[in-house]
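K.L.:
The following block contains the structure, expressed as structure tokens.
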Amino acid sequence: MCFDALAIQTIQEQCEVKTKMQSIDWNQMSELGLIERINREVLHPLGLAVSRNPETGISDSIFIADDGVWEYPTDMPTTMMSNEDVRRKLAEMMKEIL
């Protein structure tokens, strides 16, 4: 299924009206270690990588590796955390937003 930006905005608006759904931006996703997790576990094996603009918290595109391989440097510290830690930190974020 493919959605364009207007369709996604419409869905988000409908969800917000019906459920008061909260959202986080890509900077917060990064803080939760989820960008690294998505890249390592889903996208990198496919030769793809998601990134974000730290100034805006927006991800504009997915990069495609020229050689089909994406890897983080082996000496890079990980930002990934357990599901339990993600849930705890997310709950803290939501308290700060409200």
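Quick note: the coordinates plus some simple rules give every number you see, no bench work behind them. Not measured: the values here are computed from a predicted model. All Cβ positions, glycine included, derive from the backbone under ideal geometry; neighbour counts span all protein chains shown.
K.L.:
If you go through the range 68-80 one residue at a time, do you hit one that is closer than 17 Å to Ile24 by Cα and loosely packed, with under 12 Cβ neighbours inside 10 Å?
P.N.:
no
K.L.:
Can you tell me which residues in the range 20-37 are out of contact with any helix residue (DSSP H, G or I) (no Cβ under 8 Å at 6 or more places or on another chain) and free of Cβ contacts under 8 Å to residues at least 24 places away in the same chain?
P.N.:
Lys20
K.L.:
State all residues of the range 40-64 that are in a loop (DSSP other than H, G, I, E, B) and more than 16 Å from Asn27 (Cα to Cα); if no residue qualifies, say none.
P.N.:
Gly47
K.L.:
Can you give me the number of residues within the range 70-97 that are in contact (Cβ under 8 Å) with a residue 24 or more places away in the chain and not in a helix (DSSP H, G or I)?
P.N.:
Looking only at that region, the number is 7.
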